[in-house]
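A.B. asks: Below is the structure I would like to discuss, written out as structure tokens.
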Amino acid sequence: MVRHVFLAVTIVNMLAVGTGPAYAEKATVGRGVGQFFPDFVLPDLNGGHGSLSDYRGKKILLINFASW
Amino acid sequence: MWQKITKPYIESGELTVIGVVQEQHPDRAKLYRQWHQFDWPVFVDALNTFDIAAVPIPVAIDESGVVRHAQLHPRDFVAKFMKRSYANASRPKNDKVATLPDPVQLANRARSSKTADDWRLVGDAYFLRQGANDLERAVDAYQQALKLAPQDGRAHFRLGVTLRRRFESAGRMKGDAQAAVKHWGEALAIDPNQYIWRRRLQQYGPRLDKPYDFYFWVDKARADIQARGERSVELRVEPEGSELEMPNVGTESLRRVSLINRDPKGRITRDASQYVKIDVIAVPHVVRPGQRIRIRVEFLLDPARRPVWNNESSDLMMYVELNKEMMIGSGSLSFPNPKTAESREKRFIEFEIDVDDSTAPTTYELPAYALYYLCEKRSDKCRYLRQDFRVKFAVSPDAPTLR
């Protein structure tokens, strides 16, 4: 029993640290926690378009908001 | 709030902030951004393709693109996101870089699949392209979607957004604004919890149904920007009427507007060739007994013959014949003349109709007319004209409430 708990904790730790490939195999595209946020293309404010992938590489805070 | 707490991390190069604004008018978002000095990119999701039901929604995404918080609270931003380190993760195989969708290709797919979802995507693709005639094509595609799935709330909402956009464009067609309201109303009836959809109707709706005046900030923004010595972003469509009017709070007594029928016998010459195009918009298009409807009547001078308003006489006025269960509560039935002798502006009259509890549920087409002075430049002829129209709306106990 104690060993099982230990094993479980180890797995949780591994997931938290995130060994890349193991994570990616399970990862899906979506907007939920743990998923890969899907790329999108939308109009920008200058009459053109832009996408999320133009800004990848850093931490991103994506805020949906409104002026009203 | 986010502006302040994210700034040091943007400057240190650790963070990118991206805004997605849920707004009908992109230029208003641009003014808002300039006012608040957001130095991060903002995208416009007028169609709500994100399918969110509320704002704001701050999503925290790590360096690899993995969502770490789906609704991050500002107090957790530093400790639970910026201070955390996340291991590299490789992206799943089905994760693709998004490109501007090709509507022609999507339409081919929709024609063979015959699904509402595929037609909706065609509409989204045309709307997104923002090219000439794309609004027409988007309207057609959403209508195809609704033929296949009349209960597709998203298609209703997005068709409404597209029609409203067309109404405010050179390609405006009579009835566009009313049709937009109708589709937003149908979307809301399908999902009354969709806050973004509800807001779009409230924007143009009666004061009773508004939590606050949505675009109250525009004047303040312009003043602040000017005080900084900058030139503020110009708005293509100025907020007006219901968009600016203060909500009717609590027990504020109503200002009843008296109805004057200035031409009961119909003796004033009719504007038979329609020098003035009249468009009537009722928001919401279906109302419950005991509720209120906001009516907006727009008057546009015929762009081909280009007559002018003659402002040296009385104001443009209208009359509407109400049923006995209805009353005009607040608003005005005239448009005051500008100071210049002649002008060519779009005119509008906005007022609200109180529909009594005892009003029978049915469709109403109230007879109405407008009286105006105008001059035809070619012949230099000035005339006092009357044009008849109808104010249409429905009363039903099943109408969705806006509040």
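The values are calculated or read from the model by the stated rules, or taken from the named source; none is laboratory data. Remember, it's a predicted structure, so these values are computed and weren't measured experimentally. Here the Cβ is made from the backbone with ideal geometry for all residues, glycine too, and neighbour counts use every protein chain on show.
A.B. asks: Within the stretch B:115-136, work out how many residues are crowded, with 20+ Cβ neighbours inside 10 Å and either more than 15 Å from B:Thr99 (Cα to Cα) or in contact (Cβ under 8 Å) with a residue 24 or more places away in the chain (or both).
C.D. replies: 10
A.B. asks: If you don't mind, there's one more thing I want to ask. I'm trying to understand the selection: among the residues of the stretch B:51-71, which are more than 17 Å from A:Ala66 (Cα to Cα) and in contact with a Phe, Trp or Tyr (Cβ under 8 Å, 6 or more places away or on another chain)?
C.D. replies: Residues satisfying the conditions are B:Ala60, B:Ile61, B:Asp62, B:Glu63, B:Ser64, B:Gly65, B:Val66, B:Val67, B:Arg68, B:His69.
A.B. asks: Hey, another quick one. Of the conditions (1) within 24 Å of B:Gly123 (Cα to Cα); (2) more than 7 Å from every other protein chain (Cβ to nearest Cβ); (3) surrounded by 18 or more Cβ atoms within 10 Å (Cβ to Cβ), B:Phe43 fails just one. Which one is it?
C.D. replies: Answer for B:Phe43: the failing condition is (2).
A.B. asks: Do we find a residue being closer than 30 Å to B:Arg305 by Cβ and either in the same structural domain as B:Val320 (by TED's automatic domain parsing) or surrounded by 12 or more Cβ atoms within 10 Å (Cβ to Cβ) (or both) anywhere in the stretch B:203-225?
C.D. replies: yes
A.B. asks: So for the stretch B:336-358 (the condition being free of Cβ contacts under 8 Å to residues at least 40 places away in the same chain, within 27 Å of the chain's Cα centre (by Cα) and not in a loop (DSSP other than H, G, I, E, B)), does at least one residue qualify?
C.D. replies: The answer is yes, given that some residue of the stretch B:336-358 is free of Cβ contacts under 8 Å to residues at least 40 places away in the same chain, within 27 Å of the chain's Cα centre (by Cα) and not in a loop (DSSP other than H, G, I, E, B).
A.B. asks: Those residues that are assigned to a strand (DSSP E or B) and closer than 27 Å to B:Ser396 by Cα, I need them from the stretch B:291-322; list them, please.
C.D. replies: B:Arg292, B:Ile293, B:Arg294, B:Ile295, B:Arg296, B:Val297, B:Glu298, B:Met318, B:Tyr319, B:Val320
A.B. asks: A follow-up question, please. So which residues in the stretch B:362-383 are within 30 Å of B:His285 (Cβ to Cβ) and either among the aromatic types (Phe, Trp, Tyr) or more than 33 Å from the chain's Cα centre (by Cα) (or both), if there are any at all?
C.D. replies: Listed by number, the residues that qualify are B:Tyr364, B:Tyr369, B:Tyr372.
A.B. asks: What number of residues in the stretch A:39-68 are touching a His at 6+ places or on another chain (Cβ under 7 Å) and aliphatic (A, V, I, L, M)?
C.D. replies: Adding up the residues that qualify gives 2.
A.B. asks: May I ask you to verify whether B:Gln34 is more than 7 Å from chain A (Cβ to nearest Cβ) and not in a loop (DSSP other than H, G, I, E, B)?
C.D. replies: Here the answer is yes, as B:Gln34 does meet what is asked.
A.B. asks: Related question: Looking at B:Ala29, B:Ala60, B:Ala54, B:Ala70, which one is at pLDDT below 95 and facing another protein chain (nearest Cβ under 8 Å)?
C.D. replies: On inspection, the qualifying residue turns out to be B:Ala29.
A.B. asks: Now for a separate question. Do we have any residue at all in the stretch B:5-16 that's of a type in the set (Val, Ile, Thr), assigned to a helix (DSSP H, G or I) and at the interface with chain A (Cβ under 7 Å from one of its Cβ atoms)?
C.D. replies: yes
A.B. asks: Give the stretch B:99-114 a look and list any residue that's within 23 Å of A:Phe36 (Cα to Cα) and either surrounded by 14 or more Cβ atoms within 10 Å (Cβ to Cβ) or hydroxyl-bearing (Ser, Thr, Tyr) (or both), or say none.
C.D. replies: B:Thr99, B:Pro101
A.B. asks: Look at B:Arg84 and say whether it is among the basic types (Lys, Arg), modelled with pLDDT of 95 or more and either outside the structural domain of B:Asp152 (by TED's automatic domain parsing) or surrounded by fewer than 17 Cβ atoms within 10 Å (Cβ to Cβ) (or both).
C.D. replies: Judged against the criteria, B:Arg84 is a match.
A.B. asks: Which one is farthest from the chain's Cα centre (by Cα) among residues in the stretch B:216-242 that are part of a loop (DSSP other than H, G, I, E, B) and modelled with pLDDT under 90?
C.D. replies: Within the stretch B:216-242, the match that is farthest from the chain's Cα centre (by Cα) is B:Phe216.
A.B. asks: Ok, one more. As an exercise: evaluate B:Arg386 against (1) at pLDDT 95 or above; (2) under 28 Å from the mean Cα position of the chain (by Cα) and give the number of the one condition it does not meet.
C.D. replies: (2)
A.B. asks: For the stretch A:40-65, which residues satisfy the criterion of being part of a loop (DSSP other than H, G, I, E, B), facing chain B (nearest Cβ under 7 Å) and within 22 Å of B:Ala29 (Cα to Cα)?
C.D. replies: Hits for the stretch A:40-65 are A:Phe40, A:Leu45.
A.B. asks: Please pick out the residue among B:Gly123, B:Gly171, B:Gly153 that is of a type outside the set (Ser, Thr, Tyr), more than 14 Å from chain A (Cβ to nearest Cβ) and within 26 Å of B:Phe299 (Cα to Cα).
C.D. replies: Only one candidate qualifies: B:Gly171.
A.B. asks: Say we look at the stretch B:338-383 and pick out the residues that are of a type in the set (Gly, Ala, Ser) and modelled with pLDDT of 95 or more; which of these is surrounded by the fewest Cβ atoms within 10 Å (Cβ to Cβ)?
C.D. replies: The selected residue is B:Ser343.
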